[in-house]
Amino acid sequence: MADELLLELQAVSHVFADGSRGLDDCSLGIRRGSRNALLGANGSGKTTLLLHLNGLLQPSAGGIRIDGSPLDYSRDGLVALRRRVGLVFQNPERQLFSASVFEDVSFGPLNLGLDEAEVRARVAQALAAVGMTEQAERPVHHLSFGQKKRVCIAGVLAMRPELLLLDEPMAGLDPGMQNELLQVLDALTARGISIVLATHDVDFAYRWADDIHLLSGGRCRASFAAADLPQQVAALHDAGQPLPAVIALHRALVARGVLPAEPVPGDIAQLLAWLAETPSGEPKMNETPPGRQRSAA
Amino acid sequence: MADELLLELQAVSHVFADGSRGLDDCSLGIRRGSRNALLGANGSGKTTLLLHLNGLLQPSAGGIRIDGSPLDYSRDGLVALRRRVGLVFQNPERQLFSASVFEDVSFGPLNLGLDEAEVRARVAQALAAVGMTEQAERPVHHLSFGQKKRVCIAGVLAMRPELLLLDEPMAGLDPGMQNELLQVLDALTARGISIVLATHDVDFAYRWADDIHLLSGGRCRASFAAADLPQQVAALHDAGQPLPAVIALHRALVARGVLPAEPVPGDIAQLLAWLAETPSGEPKMNETPPGRQRSAA
Amino acid sequence: MLIEQAAYGNRWRRVSPAAKGSLALAGLLAAFVAATPATAACVALLLALTTVLGARVAAGVYLRVAAPAVGFLAIGSLSLLVAVGPDAAGQFTWGLAPDAARRVATLAGRSLASLAALLLLVLTTPLPDLIGLLRRLRVPEVLLDLMVLCYRMLFVLATAVRDTLTAQSARLGYASLRHGWRSLGLLLANLAVQIWQRAQALHVAAVARNGGGPLRFLSPGFANAGRDTLLAVVAGAALILFAVGLG
Amino acid sequence: MHIMEGFLPVEHAVGWTLASAPFVVVGVRSLRCRLHEQPEQRMLLGVAAAFSFVLSALKLPSVTGSCSHPTGVGLGALLFGPTAMVPVGLVVLLFQALLLAHGGLTTLGANLFSMAIVGSFVAAGLFRAGRRLHLPLAACVFAATCFADLATYVTTSLQLAWAFPDPVGGFASSFAKFAGIFAITQIPLAISEGLLSVLVVKALLRF
């Protein structure tokens, strides 16, 4: 079990220069190939945690391990780390340096010292992965907000990371753009890339993630499989998070005898599908409905 | 009926300097004291419409009436209009430009030419209304995102508007901050202030608004009472909006015979309350559950 | 910015910047070697027609972009037309300058031809392509970095300025002249503070992608760059010969 | 106020380019050293250049309609040093030529000399002198940035007068003509720039 961990935080604390505490005795593990949601309110330490995973901040106490060995904060060590762990910040306006989409995406691979042909190939591939091939020649300031976000992701993907860190990627996107971005993320997971995504949306975290890490006040309150979330009411409450609406609904319907206790739906769309599928009095629960399905572990 | 309209758009079109169309033959009315949701995807013209209501943009065709008379775009007319109609933009970073909270909120009242005592009184009152009295002396850039949003609202409230326009006020707020903001808005409605709020979240619009105005592609597709939304499936579909989840759930439960067709719940919390209240086989629908309740008109 | 729009939207968008640069350079040289004002005017006309008909830049856009510079030329010419100063007797006089027409014609011909050469380049070539060209011409890295950042950030800051101006207007910040000055001061001060914050964020973002030193980018390639450049050099040489020969 | 493309005769265009070149070389060298020690300043100067460019596109409330605009070069020289402002000014001037057709490539040397070299060094020099005389900060900032603007305008007028001496009155009366024409926009502008710079510095100190 332990050796399937890609990254591990061990009792990490971080105190900023101004004396405020960013992280407080935080421990968690990121499994290889998994989808992780860092769930917490604004100011709970999500961004600070992401900055630690990419080596941009160093723990004031505690340690971080990658593949079981401690992070190496030498220059070469950091270069190696950031090649493996890519970070996409929340605001595109603060991380795109060049107005040319193609140029900006080439920045990371060039910093890896790759030759020109390889860089061109990687830029093309990264732009294709986020569906921005057509926009390669357009200037960044002509793109929509959602497109800019995707360019930011391409800029990190072109470095071929094993782990992708995303800070509030859904913020500011309308439902259509959110769906497009989710498809991009699904394709990345299918390619074996691990993802850590910071969010304050418990419904989204429950629907999307394999593992949920709950943060509040700079502390890692709990880490659990998303499927186990229904059992984590107390932890969610402590972190100021509501129960996902779909779970509350499912429970009410179980109490009313409309749906069986198992399986637990992942989102409202799935719940609706089940309601439509199993007419009153004739449950056919053994057929698994489409979509990602939850079952209590 | 007509004279209860505070503001009215009559076939308003707007073409930007670069030739793109911001609004296209848009008509709608804002009733005095009502809560209005402008519902539409990003780029559907919501912000353009709000800028028209505040006189920051002028229609290329069509007209706007306040209290039944056409808007006066002279310097004095605009001062009078903006005193009555306050606009809060989406991004707090772009509309807070003073060093301290107090200073920023005093910006509008000072521009109204009020004397110092009156300005102080108004700032204090506006900060109290958004629950930011404690933070009055703090520098703006030390505030959290949610606090900044509230300072923006205070800055407009200090001008004592009759109508408050809010552009995507919930964007970027975590659930806790959203609830706090909703309480602020409820208090304003209770004081008789009309509100127009732009959002792309149909669930929120349905839960919160009295009237919903549906926008897509710069056109006002439909205006209707929020309670009538279940009848507007076609209009919603045309505007690329899904049906609110709570309506879809309610329908599924009506189909399964779990809940009666009337009343229709306003949000999931209400649906959950009803499910908890009426145990299987013993409906007691005549008791009205708490919360705002919908019934088909 | 009209130039910006034309640069991305013209027919020569995908022509190698080296080719367009060579032609513009030849245009500048022709403007300076033109033997007579009439020749210079012909050079200006040829370059303008090339931009409008060849690259399909809208004539209206072309004229609006050229207008401020032409205004400067008009004011400058005016001061050349009038001669002031003490005459032989030491009396202050003013009147039409001797030889004024010839001097103004020379100046106008040269200025208009050079302006047309500059416009040929900037109306057909987006700035990132020009920076790419300067990169190939071995311009110091420090200057290239400043250019790349300046170009990217000027749109970000321009949006910030526009949004803040709008927000201030909504709160009556420009209802009177006195308020206007106060509002503008607040706006600029706020923007100045953002310079540090944005720079810090960009630096962290660069470090996250293994950067932090000189910014390195790869420009997209241009098809037929060699052929187009050769063509432009030939056309440019012909233009220079025309300018010299006709005089 | 920048001299338009092609306005200067060839010997003046080349001459001013040669006169500016050493300042650019020194500026680029010193910047390279500075960025080696403090790499985060690269972004800072890049954003500052963008700020200056955006300022130059800003209309001022009192002089709307005129072509005048602040540049922030004087303020930049106080904040980042005059040597650093030469390369930054070069980029801003080049962008004004390439994006606004304001100024030009053949007049880049002359415009750089008047704006980024004379302007920056006058601002920095006056500011130092003012501080040494223990004048209040606001007065120093105002004098430095206002006179930097005026120095730029005077230099440009001198450059034009030298290139186009009056056939009757010679250099002096030509200078009087150019300085007179541009005074209408440039003197109010210099005062505005001084006032705005004071406001910005005051705000920076508070943040």
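Remark: label point of residue A:255 defined 7 Å out from Cα along the Cα-Cβ vector; separations to the same position in other copies 2.5 nm, ascending.
When DSSP assigns beta bridges and you keep just the ones with both residues in the protein assembly as shown, what percent turn out antiparallel, to the nearest 5? Bridges in the protein assembly as shown that DSSP calls antiparallel: roughly 60 percent. Among B:74, B:27, B:44, the residue with the largest mean-square fluctuation in a Gaussian network model of chain B, with springs joining Cα atoms closer than 10 Å, is B:74. Sorted from nearest, the other copies put their residue A:189 label points 3.7 nm away, the label point being 7 Å from Cα in the direction of Cβ.
Give me the net charge for the shell around residue C:236: Cβ to Cβ below 13 angstrom, other residues only, Lys and Arg +1, Asp and Glu -1.
Counting the neighbours of residue C:236, the net charge comes to 0.
Considering only beta bridges that DSSP places wholly inside segment B:164-224, some 55 percent are antiparallel. When the square roots of the Cα gyration tensor eigenvalues are ordered a ≥ b ≥ c, the ratio a/c for segment D:4-125 is 1.5 or more and a/b does not exceed b/c, which makes its shape oblate. Solvent-accessible surface, computed for protein heavy atoms with a probe of 1.4 Å, shrinks by 30 Å² or more for the following residues of segment D:31-55 when the other protein chains are added to the isolated chain: D:32, D:39, D:40, D:42, D:43, D:44, D:46, D:47, D:50, D:51, D:53, D:54. At residue B:60, with labels set 7 Å past Cα in the Cβ direction, how many nm apart are the copies from this one, shortest first? With the label placed 7 Å along Cα→Cβ, residue B:60 yields 5.7 nm.
Would you calculate, for the protein assembly as shown, the mean residue ellipticity at 222 nm contributed by helices, counting each DSSP H stretch of 4 or more residues as -39,500 (n - 2.57) and dividing by all residues, to the nearest 500?
The helix-only estimate for the protein assembly as shown comes to -17000 deg cm²/dmol at 222 nm.
Does chain C come out rounded, prolate or oblate by the C-alpha gyration tensor, with a ≥ b ≥ c the root eigenvalues, rounded set by a/c under 1.5 and, if not, prolate when a/b is larger than b/c and oblate if not? The shape class here is oblate.
For the listed residue pairs B:148/D:202; D:177/D:202; A:46/B:148; A:46/A:149, the alpha carbons are over 29 angstrom apart in D:177/D:202.
Placing pseudo-labels 7 Å out from each Cα toward the beta carbon at residue D:18 and residue C:45 gives an inter-label distance of 3.6 nm.
Set the Förster distance to 30 Å, then compute FRET efficiency between residue C:96 and residue D:162 from the Cβ-Cβ distance, nearest 0.05. After rounding to 0.05, the efficiency reads 0.85. What the phi angles of segment C:199-205 give under the Karplus curve with 6.51, -1.76 and 1.60, with θ = phi - 60°, is a coupling list of 4, 4, 4, 5, 5, 4, 5 Hz, glycine and proline written as x. The phi torsions of segment C:115-126, fed into the Karplus equation with coefficients 6.51, -1.76 and 1.60 and a -60° offset, translate into couplings of 4, 5, 5, 4, 5, 4, 6, 6, 7, 10, 10, x Hz, rounded to whole numbers, with Gly and Pro shown as x. Pop the C-beta distance of residue D:171 and residue A:234 into the FRET formula with R0 = 60 Å and round what comes out to the nearest 0.05. So the FRET efficiency works out to roughly 0.10. Where both bridge residues fall in segment A:5-236, DSSP classifies roughly 55% of the beta bridges as antiparallel.
Segment C:2-18 and segment A:92-149 have their alpha-carbon centroids 20 Å apart. Only protein heavy atoms count here; on that basis, with a 1.4 Å probe, residue D:149 has an accessible area of about 20 Å². Most mobile of A:198, A:226, A:235 per a Gaussian network model of chain A (Cα springs, under 10 Å)? For chain A, modelled as a Gaussian network with Cα springs under 10 Å, the answer is A:235. Spin-label pair residue C:242-residue A:13: with each label point 7 Å from Cα along the Cα-Cβ axis, the two points sit 7.8 nm from one another.
Note that the protein assembly as shown presents 39 Å² accessible area per residue, ligands and nucleic acids not counted, probe 1.4 Å.
Against the main long axis of the alpha-carbon atoms of chain A, helix A:245-255 sits at an angle near 20°. Ligands, DNA and RNA excluded, the heavy atoms of residue B:228 present near 40 Å² of accessible surface to a 1.4 Å solvent probe.
Of all beta-carbon atoms in chain B, the one sitting closest to the axis that brings chain B onto chain A gives B:258, 3, with the distance in whole angstrom.
Would you mind checking the tilt of helix D:41-56 against the longest principal axis of the Cα atoms of chain D, expressed as 0 to 90 degrees and rounded to 10? That helix lies at roughly 50 degrees to the long axis. For chain D, modelled as a GNM whose springs connect Cα atoms under 10 angstrom apart, the maximal fluctuation among D:18, D:150, D:90 occurs at D:18. For the protein assembly as shown, the share of accessible area belonging to carbon and sulfur comes to 59 percent (1.4 Å probe, ligands and nucleic acids excluded).
Taking a virtual spin label 7 Å from the Cα of residue A:144 along the C-beta vector, which residues in segment B:208-228 bring their backbone nitrogen under 13 Å of it? Within reach of a label on residue A:144, which here means backbone N under 13 Å from a point 7 Å along Cα→Cβ, segment B:208-228 contributes B:217-218. Computed on protein heavy atoms with a 1.4 Å probe, what is the summed buried accessible area for the chain pair A and B, in Å² to the nearest 100? Chains A and B together bury approximately 2000 Å². By how many degrees, between 0 and 90 and to the nearest 10, does the Cα long axis of helix B:101-111 differ from the longest principal axis of chain B? Result, in degrees: 70. Among C:174, A:206, the order of accessible area from largest down is C:174, A:206, computed with a 1.4 Å probe on protein heavy atoms. Relative intensity of the protein assembly as shown on a log10 scale, I(q)/I(0) at q = 0.05, 0.08 Å⁻¹, equals -0.37, -0.92, per a Debye sum over C-alpha point scatterers of equal strength in the absence of solvent.
For segment A:45-79, trypsin sites (Lys or Arg not before Pro) meeting the loop criterion (DSSP other than H, G, I, E, B) and having at most 14 other Cβ atoms within 10 Å: none. Counting, for every residue in A:31-41, the Cβ atoms of other protein chains within 10 Å of its Cβ and taking the mean gives 1.
Rounded, prolate or oblate: which one fits segment A:45-115, using the alpha carbon gyration tensor with axes a ≥ b ≥ c (rounded when a/c is under 1.5, else prolate when a/b beats b/c, else oblate)? Oblate. Listed values for segment C:97-102 are Karplus-derived 3J(HN,Hα) couplings in whole Hz (6.51 cos²θ - 1.76 cosθ + 1.60, θ = phi - 60°), namely 5, x, 6, 4, 4, 5, and x replaces Gly and Pro. When accessible surface is computed with a 1.4 Å probe, chains C and D are found to bury approximately 6100 Å² between them, both chains counted.
The values are calculated or read from the model by the stated rules, or taken from the named source; none is laboratory data. Owing to the predicted nature of the structure, the values given are computational and were not obtained by experimental measurement. Positions of Cβ are generated from backbone atoms using ideal geometry, with glycine treated the same way; all protein chains shown enter the neighbour counts. Only protein heavy atoms, including side chains, enter the accessible area calculation; ligands, DNA and RNA are left aside. Shrake-Rupley method; radii C 1.70, N 1.55, O 1.52, S 1.80 Å.
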